[in-house]
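What follows is one structure encoded as structure tokens, with my remarks underneath.
The values are calculated or read from the model by the stated rules, or taken from the named source; none is laboratory data. Bear in mind the structure is a predicted one, so any value in this text is a computation, not a measurement. Cβ placement follows ideal geometry from the backbone for every residue including glycine, while neighbour counts extend to all protein chains displayed.
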Amino acid sequence: LLAFLFVTPATAEAKNESDCNKCLYKKHAMKMYKKHDKHDKHDKKDKDKDSLKDKIFHKAHFYLEHKKDFGFSDEQIKQINDLKLTTKKSVIMKKAEIEVAALEIKSNLYYADNIDTSKINGLIDKKYDLKKEKTKTLVDAYATLKGIPTDNQKEKMKELKKKKQDDKW
């Protein structure tokens, strides 16, 4: 009931633009309204888009959060931090290149007087090659990250995870 006191005309305007229930409150609604042309970005498909990237950074955070428990050396900590940095840079660069390729496709498709399908097909191939490279980079980073701990440290991780599981029950 109190939520209706916080509904402003801006929220109502954003609500009129979309029937998205998640965009009811002003802060979220205006953020989503400005960020997206359409309010269909709440689909689960979009949330899982970068799940491999999220998994890498979650695991790196887990390693660093428990570095003393696992007995990581300074060299291992440096490797984890360096891997996080290089992976993040690489993902940002690839995403930008993918966006540029998508813009080139749209430009050649929608705004050109004569549509050159072979050129557009080449741009499509380029875009998906970049996506493939990005995914391969993430897989390599994940494999590298999982290879940093020693067998003894991996055993300590399993024990900690098991302890956390047991504490939940």
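Quick notes on this one:
- Residues being surrounded by fewer than 10 Cβ atoms within 10 Å (Cβ to Cβ) and within 22 Å of Asp54 (Cα to Cα) - total across segment 159-169: 2
- Single match in Ala112, Ala60 (criterion: part of a loop (DSSP other than H, G, I, E, B), assigned by TED's automatic domain parsing to the domain that holds Asn152 and either modelled with pLDDT under 90 or under 30 Å from Glu159 (Cα atoms) (or both)): Ala112
- Residue match in segment 67-78 (condition: at pLDDT 95 or above, in a helix (DSSP H, G or I) and touching a helix residue (DSSP H, G or I) at 6+ places or on another chain (Cβ under 7 Å)): yes
- For segment 138-157, the set of residues classified as part of a helix (DSSP H, G or I) and crowded, with 18+ Cβ neighbours inside 10 Å consists of Leu138, Ala141, Tyr142, Leu145, Gln153, listed by residue number.
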